Structure formats: structure tokens, C-alpha cells
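Trainee: Take this structure, written in C-alpha cells, and hold onto it; I'll ask about it next.
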Amino acid sequence: MNTVKETEIRMPVRESYVPVITRREAAKVRVREILYIESELRVIAIHTAGLTYRFYGKLDDILKYLDGRFYRCHKSCVINLENVLRMENGVFYFPGGITLRVGQNNYRLTRNEYVKYLRQNARTWENTGRDS
């Protein structure tokens, strides 16, 4: 009887997404493409480099689709730390010249979280397996 090695089994990689369903549109927003998500009153806005998706909902309902790269810097705003290029004086800089200002009250905690994320996720040449 032949056995199949684990390395020979290739499962399709499923990419995480947030479903956006409105009366006019149904879409999947890939989690890795999200820059930040904000809510105002009952309107959720998911910002990506190319589009902003707006729909009615609760931010807490969206959080279940997100993972550890996201940080809730305010009760109405969640940022994707992986897509932040830099943070300076309370402003997050994202690809494409997109910026997001964080209020002074949350600046210190958000900055600490971003620094922690950078340190935990930094890659060196040694742990990427590349030769210099």
C-alpha cells in the first residue's frame, strides 16, 4: 500500500478577505490589501490603495475577518500595520501617498504598537535563507 507524504499534498491557498455586500455590489476585499478601516455613524469605509468600499455595518463585525496585523487605534478606526510605510508625528503613511492622522490621545499607544510590530516582523538576511 502506497502512502502519500505530507510534502506531496498541495492544498490550495485561500486568501483571507472581508465580504462587502450592498444593494449595488458584492465584493471580496483581500485582507492584505486593506490599508485601514474606519466607521462613522453606521457607515464602514474600507480603504485600499485603489478603492474605498462603503457600506452599512458595525466595525466589531468586521474585526472577525482580520488578523494580528491589524490594530484598533481608536474605537472607530483599525489600521493594517503591515501596510504602514512609516509613522511620524501621529500620521501614518501608506503606499500611494495615502495618510491617516491618529489623535494625540492614541498616538503614544499606537506608536508603541507599531514599533512592537516592526520589531517582531523584521526579517534579516539570515532568516530569509538568502545569501548576501
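Trainee: Using Cβ counts within 10 Å as a stand-in for footprinting exposure, how do 74, 47 rank, fewest first? Mind dumping the intermediate values first?
Mentor: Details: 74 15, 47 22.
Arranged by neighbour count, lowest to highest, 74, 47 become 74, 47.
Trainee: Fewest to most neighbouring Cβ within 10 Å: what's the order for 115, 102, 20?
Mentor: Least to most surrounded, the residues fall as 115, 20, 102.
Trainee: Distance from a point 7 Å along Cα→Cβ of residue 49 to each backbone N in region 58-75: keep the residues under 19 Å and list them by number.
Mentor: Residues 69-70 fall inside that zone.
Trainee: Still on this structure: Could you tally up the Lys pairs in region 15-123 with alpha carbons closer than 19 Å? Skip any pair fewer than 8 positions apart unless they're on separate chains.
Mentor: Working: 28/58; 28/64; 58/75; 64/75.
Going through region 15-123 pair by pair, I get 4.
Trainee: Just rank 66, 41, 35, fewest to most, by other beta-carbon atoms within 10 angstrom. Mind dumping the intermediate values first?
Mentor: Details: 66 17, 41 6, 35 20.
Ranking 66, 41, 35 by Cβ neighbours within 10 Å, fewest first, gives 41, 66, 35.
Bear in mind that the values in this text are calculations on the coordinates, not laboratory data. Computed from a prediction, not measured in an experiment: that's the story for all the values here. Cβ: placed from backbone, ideal geometry, glycine included. Neighbour counts: every protein chain shown.
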